[in-house]
Amino acid sequence: MLGEFEYLMLTAAARLGDEAYGAAIRQEIEDATGAPCSIGALYTTLDRLENKGLIKTWMGDPTPERGGRPKRMVRVTPKGVEAATSFYNAVRRVSRGVAWAKS
Amino acid sequence: MGEIMTSIGWRLADLVSHALDPHERDAVRGDLSECRVNGWRAFHEVLGLVCRRQAALWADWRPWLALVVVVLPLGTLLSHASRSWADNSVLDISLYARIWEWSYLTYPGWRRELFRAVWSTVLGAAALSVWSWTCGYMLASISRRTVWVAAIAFGLVVFFATIGTSTLARIRHDEFSGHFYGVVLPRLFRTAFVMVPLFWGIRSRRKGLIRPSMLFIGAAVVLILTVLKSPGLQSSLIWGRGLYGDAGPDRTFGTSDDPRPSWPVVVILWPTAYILATAMPNRQRRVDA
């Protein structure tokens, strides 16, 4: 079963599609949670997800706004989609009837 | 002022990021630039990632092997040896600094004594340096990716393993009431003849600077210096750690007939043995080719 932060990262990467990379995923998570997301947590979780086969990463092209440095691009694999779907369904099932789910 | 501080933060972030793999360093640095974080937050975030990466490396057995086989035993031996020789050298240095007159050189006895003092200090410094170099080389061989953490741990052991102990020189003389001779100079001695050679050994191994043939010559030098300085090495433990044993036939501690533990010599030489053992297959492959 995925962890909470792993689910956030998979979801953010899936939403971003072809534009999913480190800084963009970080921004998505911070916008969704309202809390800062550390680079350390982000990159170690990327490694963990890749080791589990849930994402694929590769080094993208450098850009001027990044000082000519490349991005670490992310794509969710079918196995990652399945894992995220499973997590989402589990959260929905366990949240049935609770007060905050009704609102 | 704010710009200066943020610039310092970015410089520190860049410095710390060298502990990351090159690809990751570029990606992280680029992400932080794109997010327009200030320098200190960048430093904090990069430091956090470096700490996580280092912690993950310590899940392997190699860093622990380096800790148990090199850092703790050899750091402790070098801590005692360096402190003992620093104190003895400082005794001579402070004496000559306070009473020196050039006319002393006209007396054969003074010249012999001066030569003895200089030779003893140079030999001690040379022995410490080669022992420390072999420790650095071995650390970098066993665990390349955690070598800097291991080196810092080694430094902590060298500087703090002697807390609660003393030396014969320090007990017998009140020359050490001064801060410079009692505190500063011994620490400089340890830094110059233990920590600097340690880092040089690490760098030599990482960059492959030493040819296998030079390692054999170096091993011979280490062996000669160890033979010359092994009584001092053993004494530094006896007097430093109170490992008093038999006083020998003359019933007096501290004389040359006292039996001394032989294990410190074995321990101080095992990095050299390891370096030779790992250098020999490379040499054999070249010969066979």
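Here B:A59 qualifies as over 17 Å from B:F159 (Cβ atoms) and either assigned to a helix (DSSP H, G or I) or open to solvent by 10 Å² or more (accessible area, probe 1.4 Å) (or both). Within the range B:13-35, the set of residues being within 10 Å of chain A (Cβ to nearest Cβ), out of contact with any Leu (no Cβ under 8 Å at 6 or more places or on another chain) and not in a helix (DSSP H, G or I) comprises B:C35 only. On inspection, B:R41 does not qualify as within 21 Å of A:M59 (Cα to Cα), at pLDDT 90 or above, assigned to a helix (DSSP H, G or I) and open to solvent by 30 Å² or more (accessible area, probe 1.4 Å). Does B:A97 satisfy being under 17 Å from B:W131 (Cα atoms), of a type outside the set (D, E) and either open to solvent by 10 Å² or more (accessible area, probe 1.4 Å) or touching a residue at least 60 places away in the same chain (Cβ under 8 Å) (or both)? No; evaluated as a whole, the condition is false for this residue.
Within the span defined as the range B:76-89, one or more residues are within 29 Å of B:F159 (Cα to Cα), more than 10 Å from chain A (Cβ to nearest Cβ), among the aromatic types (F, W, Y) and surrounded by 19 or more Cβ atoms within 10 Å (Cβ to Cβ). One residue stands out among those in the range B:11-61 that are free of Cβ contacts under 8 Å to residues at least 24 places away in the same chain and β-branched (V, I, T): the one that is nearest to B:S143 (Cα to Cα), which is B:V28. Going residue by residue through the range A:75-97, is there one that turns out to be surrounded by 14 or more Cβ atoms within 10 Å (Cβ to Cβ), touching a residue at least 40 places away in the same chain (Cβ under 8 Å) and within 13 Å of chain B (Cβ to nearest Cβ)? Looking through the range A:75-97, none of the residues is surrounded by 14 or more Cβ atoms within 10 Å (Cβ to Cβ), touching a residue at least 40 places away in the same chain (Cβ under 8 Å) and within 13 Å of chain B (Cβ to nearest Cβ). Among the residues of the range A:31-51 satisfying the criterion of being out of contact with any helix residue (DSSP H, G or I) (no Cβ under 8 Å at 6 or more places or on another chain) and either more than 9 Å from chain B (Cβ to nearest Cβ) or of a type in the set (F, W, Y) (or both), which is least open to solvent (accessible area, probe 1.4 Å)? Of everything passing the filter in the range A:31-51, A:A35 is least open to solvent (accessible area, probe 1.4 Å). B:S7 falls short on exactly one of the conditions (1) more than 10 Å from chain A (Cβ to nearest Cβ); (2) closer than 23 Å to B:V149 by Cα; (3) surrounded by fewer than 18 Cβ atoms within 10 Å (Cβ to Cβ), and that condition is (2).
Given the criteria assigned to a helix (DSSP H, G or I), open to solvent by 20 Å² or more (accessible area, probe 1.4 Å) and within 9 Å of another protein chain (Cβ to nearest Cβ), does A:E65 qualify? Against the criterion (assigned to a helix (DSSP H, G or I), open to solvent by 20 Å² or more (accessible area, probe 1.4 Å) and within 9 Å of another protein chain (Cβ to nearest Cβ)), A:E65 qualifies. Residue pairs whose Cβ atoms lie under 8 Å apart, separated by 6 or more positions or on different chains, with the first residue in the range B:128-146 and without any contact (Cβ under 8 Å) to a residue 24 or more places away in the chain and surrounded by fewer than 24 Cβ atoms within 10 Å (Cβ to Cβ) and the second among the aromatic types (F, W, Y) and assigned to a helix (DSSP H, G or I), do not occur.
Within the range A:1-15, the residues that satisfy the criterion of being part of a helix (DSSP H, G or I) and farther than 21 Å from B:E24 by Cα are A:E4, A:Y7, A:L8, A:T11, A:A14, A:R15.
When B:S132 is tested against the conditions (1) in a helix (DSSP H, G or I); (2) modelled with pLDDT under 95; (3) under 17 Å from B:S236 (Cβ atoms), the lone failure is (2).
The values are calculated or read from the model by the stated rules, or taken from the named source; none is laboratory data. Note that this is a predicted model, so its numbers are computed, not measured. Because the Cβ atoms are built from the backbone with ideal geometry, glycine has one as well, and the counts that use them run over all protein chains shown. Ligands, DNA and RNA are stripped out before the accessible areas are found, and what is left, the full protein with its side chains, is counted by its heavy atoms. Shrake-Rupley method; radii C 1.70, N 1.55, O 1.52, S 1.80 Å.
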